[in-house]
Structure formats: C-alpha cells, structure tokens
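Presented below is the structure to which this report refers.
Throughout, read-outs are computed from the coordinates displayed, never taken from laboratory work. Since we're looking at a predicted model, the values are computed, not measured. Neighbour counts run over all protein chains shown; Cβ positions are idealised from the backbone, glycine included.
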C-alpha cells in the first residue's frame, strides 16, 4: 500500500493547509507541462493529494489504509484504493478534469491559477539623498527627478484615447480569463489563465491612446517631492508608497529614500541630544563669565559659573533634536579648560601668590 503522507513529504499530523502547500510545491516541480517535469511523479502526488486533501477520504485512509468513497463495492477504485470516479470526464471515466486554479493561485499564470491584473506590481526604486546636519534635525524637503515607468498622463492609465469608449474584449468575451483543457495520462486538465489581451479586465479601448499605445504606461521623467521628517538619522529609509515603477493593470511599486547626513564641524548628535565642547580660560573657570556657543538655532551666550571643573556639562533645554511637533531635546555644552603651556614672568608670579593662598 502506498504511503500518501510519505509521497507528499508530510507528517500524519499535518493540517489541511500543510497538505495543500506540500502538494503545491511538488506539483510545481513535477508538473508535466513544465520543462523538466515528471508525469509519473505528478500522477503519484496528485493521487496522494486527492485523498489527503479531502477530509472524508483522508479519514477513511487513516482508518482503513484506503479510501472507500465512490462507486458501490469499490467500483471505480484505482491507484492503491483511491476512487477516481468523481473526476471522470466525458470520455467514459478514463480520465478526470482537474482545475488547477485554486491550487496554484499563488503562482500567477504558471498554471493559470493567478490573476495578473490583480497580482502585478511595479518594481521598487531606491535612491540616496544627502542632508546637512541641520536639515536632519529640523527636517527638509527635496525634489528629485526620476526617469521611470509612470501612469500615462494623457489617458490617466486607461489606455484609451481621450473620448474613446471601452469595449468588450473579443479574446475572452469579457470574462477576463481564458479556460484551456489539455489531455494527459491522468485525463483532461482544465486550466484558467488571465486574458493577456485585456489583462483580466474584460474591456479594451476602442481606440488606443496614441501616447502610450494603449498600455496606460509611459516611460519618462517625473518630479517627486520628498518630505523628510525632523530628527531623521543617517541610514534610515523613507518609504513612499506607489512612487516606484508603474505597471500595466497593476499596482505601482514603492520608492525607498536612503538618508545620508553630513557631519557638523562642532556639534554631534546623541539620540535627541546635541552636544558640543567649549574651551575656556583658567581664569574664567575660576571666576566665572559668559561664553558664546554655536547652536543650530544660532549663537547664544551661556553663563559659566565660577569654579567650574573641566569635563562638566551645562544643559541648554529645548535646543536639541525635534522629538515632536513642538518638543525638542536638550543641548549639552562640555567644558574644556585651556591650560597654558607657557607663562609670562608676571603671570607666573601671580599664580605663585595664588598658591600661597591655598588655591
């Protein structure tokens, strides 16, 4: 007795979807209409699927080792106990009609199971955009000119000349699909494929658009406006849905914008916080003063408190990276004390006096 589970390469605990997936994978590999296919192997896996893909027949097979569903007294049973009578065609039950539409739905038109007009999708496009450090913090807008397949502006993608009506497709008689039947050792295989004349729509333009030859798609330059949000970081991607390549009777692809950010000469970023260093004199560190600091909002003055130590940081609130519509991170100023390498005689004398004071 044949082991149908082994033939499909699945466990007995496999779900109905597991059975269907296993058959779909093997049928794609061994289908006789495909180059390199194996008709005998395809017949074997089709037999296994016809039993395990039917709950009642699978129960009988698991219980008795065969399927009894079908003709009385086991009539019409073949292929190791499987009843093919339900698939008998008009040729006296010598074969069967097998509609692959449902089984191969995920494989497009390879076996006629998909709808090209519904499943087609245009190619995605990726571009690089470079920002200044300031633009990455506050956001920016860019206009880019891309050469790509776009929806024809003349006919708005319909493929029809302006003023022309859409008429019933003569190839598929308005059905959008074409049914074909082929004979094989298993019988008559009926496949359904999308009509290529109308791309599954059932309608074609009476007079095709002159600019796109009726395809609804034209290749040319298109200007695209890109809004770059505030706070974006280097390496991030912006996805613009539907701004990629257009495709006939399908969905346009997406545009992916990869961000590159130039470095700043004095400011670095740490999350939503901006940081910089300020070099001050020893005397200013001791006595305190005010210092100008360059921020992305312009130069501002900060108070240096008396007795500040090297490495201490002063915080300026709300001058960092924008985190929302109105809120921003902070700006940190790290203090570096400029210690002179050479002293004048007078400076050295004054410092000696400070030493005597215990400073």
TODO: Based on other C-beta atoms within 10 Å, arrange 125, 204 from fewest to most.
DONE: 125, 204
Task: Pairwise label distance in nanometres, residue 237 with residue 275, each label 7 Å out on the Cα-Cβ vector - done: 3.0 nm
Open item on the list: Can you compute the modelled spin-label distance between residue 124 and residue 29, with each label point 7 Å from Cα toward Cβ, in nm?
Closed with: 2.9 nm
Task: R0 of 22 Å, Cβ-Cβ distance residue 16-residue 43: FRET efficiency to nearest 0.05 - done: 0.50
- [ ] Go through 153-161, 16-24 and give me the packing order, highest mean Cβ count within 10 Å leading.
- [x] 153-161, 16-24
Open item on the list: Expected output is a single nm value to one decimal: the length gained when fully extending between residue 342 and residue 173, i.e. 0.36 nm times separation in residues minus the C-alpha distance. What is it?
Closed with: 51.2 nm
- [ ] Would you kindly state how much longer the chain becomes between residue 146 and residue 282 on full extension, computed as 0.36 nm times their sequence separation minus their alpha carbon distance, in nm to one decimal?
- [x] 43.3 nm
TODO: Compute the length gained on full extension between residue 226 and residue 63: take 0.36 nm times their separation in residues and subtract their Cα-Cα distance, giving the result in nm to one decimal.
DONE: 52.3 nm
Open item on the list: For the ranges 274-283, 341-350, what's the packing order if you count other beta-carbon atoms within 10 Å of each residue, average per peptide, and put the highest first?
Closed with: 274-283, 341-350
